[in-house]
Amino acid sequence: MSMIKAIVFDFSRVLLFAKDPSYLGDLNPLHRQLSENNPDYPFFDNFYLNQELLDWLRLIHGAKLYIFTSGNIQNAPAIRPMLDNIFTHVYSAETMHLSKSDPAAYSKLCSILNRSPQDVLFIDDSKKNIAAAKQAGLQTLLFSNTAKLIKVLQMLK
């Protein structure tokens, strides 16, 4: 991997997970459904943050850290302050009217970040999003588990 100047993380199923391990759907629609019924629903009764990864990311110096996610669950009041302490900015493909499965979304993101695609590492759990980012020229890493991710990120330091 060439010099990484920015690391961009997907949010759902990299940094945030459903508490119910049998829930296989997308997290944004679940959050939307829960908050429609009760805007102040107990967020952490339904979701949990990847605290091990977040704690490790607090120690990173050098590369800027960003989130590029599909929807808006990251704006939940229960978690947004925790993210703002670690990540330079959080971008939503939905808000930007982009699709994370389209390489143009990653070209646009790199333009916003003022970074060459080859200087950006994108981490996601979706193979189609990884393929789109790779097609746009970003360095990519398919998330499978936290221990493996931290091991790779340690090699970048």
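Data overview
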item	result
Computed log₁₀ I(q)/I(0) - Debye formula, equal Cα scatterers, no solvent, the stretch 22-99, q 0.18, 0.24 Å⁻¹	-0.85, -1.29
Per-residue ³J(HN,Hα) for the stretch 27-42, Karplus 6.51 cos²θ - 1.76 cosθ + 1.60, θ = phi - 60°, Hz, x for Gly and Pro	7, 4, x, 5, 4, 4, 5, 5, 6, 5, 6, 7, x, 9, 4, x
Debye intensity ratio in log₁₀ form over the Cα atoms of the chain, taken at each q of 0.11, 0.13, 0.21 Å⁻¹	-0.41, -0.58, -1.51
Cut-off under 5 Å, modelled amide H: who pairs with Lys64 long-range	Ala6, Ile7
Phi-based couplings in Hz for the stretch 119-124 (Karplus 6.51, -1.76, 1.60; Gly and Pro marked x)	8, 10, 9, 10, 10, 8
Within a Gaussian network of the chain (alpha carbon springs, distance under 10 Å), most fluctuating of Tyr91, Tyr106, Tyr23	Tyr23
Order by protection proxy (mean Cβ within 10 Å, highest first), peptides 144-152, 130-138	130-138, 144-152
In the stretch 6-156, lysine pairs with alpha-carbon atoms under 13 angstrom apart (chain gap of 8 or more, or interchain)	4
Karplus-derived 3J(HN,Hα), 6.51/-1.76/1.60, for each residue of the stretch 96-103, Hz, glycine and proline x	8, 6, 10, 10, 5, 8, 10, x
Assigned charges on the beta-carbon of Lys, Arg, Asp, Glu; the chain dipole about Cα centre (debye)	640 debye
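Quick note: the coordinates plus some simple rules give every number you see, no bench work behind them. Please read all numbers here as calculations on a predicted model, not as lab measurements. Note that each Cβ is placed from the backbone with ideal geometry, even for glycine, and that neighbours are counted across all protein chains shown.
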